[in-house]
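The values are calculated or read from the model by the stated rules, or taken from the named source; none is laboratory data. Note that the structure is a prediction, hence the values are computed from the model and not measured. All Cβ positions, glycine included, derive from the backbone under ideal geometry; neighbour counts span all protein chains shown.
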């Protein structure tokens, strides 16, 4: 037997939605801070774009922003109040159009366990027999990546695209 809610139940919910929307604060331009997370290259007027730049970021409970760089395998951090990023570590990877450091995430308990997860292409390159992607967990200790633990490794076909990043 199908149960339906009376119209009165829906009309009672409408004021809640209106109230929730009216409590949101729209930030003003003065409340935004803009910080460049990539270095400008000599002779280039705009920050570099494309598949080789930053591909992901994760925000820690203290407000630090961790940024993954696809081509270099670097993970950098921008600490609250800092004007420059600091390299936390570099993951050995192989870069091509859809290979490299593909993403990062912080553990929900990052404030206490300091675990950072990274998905990346292994460094063996295009033609190796056991080409794969890896998901690994790192401990961010004293501002650097430490204690790598591979959680999952899955094979890649030799010439495939769109492989699960």
- Here are some residues: 56, 125. Which one is within 26 Å of residue 155 (Cα to Cα) and either part of a loop (DSSP other than H, G, I, E, B) or at pLDDT 90 or above (or both)? 125
- Message: Please pick out the residue among 111, 146, 105, 118 that is under 16 Å from residue 66 (Cα atoms), modelled with pLDDT of 90 or more and assigned to a helix (DSSP H, G or I).
- Response: 111
- Looking at residue 72, is it buried (at least 20 other Cβ atoms within 10 Å of the Cβ), part of a loop (DSSP other than H, G, I, E, B) and at pLDDT below 90? no
- Enumerate the pairs (first residue in region 96-118 and on the phi < 0 side of the Ramachandran plot and in contact (Cβ under 8 Å) with a residue 12 or more places away in the chain; second residue anywhere and assigned to a loop (DSSP other than H, G, I, E, B) and exposed (fewer than 13 other Cβ atoms within 10 Å of the Cβ)) with beta-carbon separation below 6 Å, excluding pairs fewer than 6 apart on the same chain, so at least 6 apart or on different chains. 98/161; 111/61
- For region 128-143, enumerate the residues that are within 20 Å of residue 70 (Cβ to Cβ) and modelled with pLDDT of 80 or more. 132, 133, 134, 135, 136, 137, 138, 140
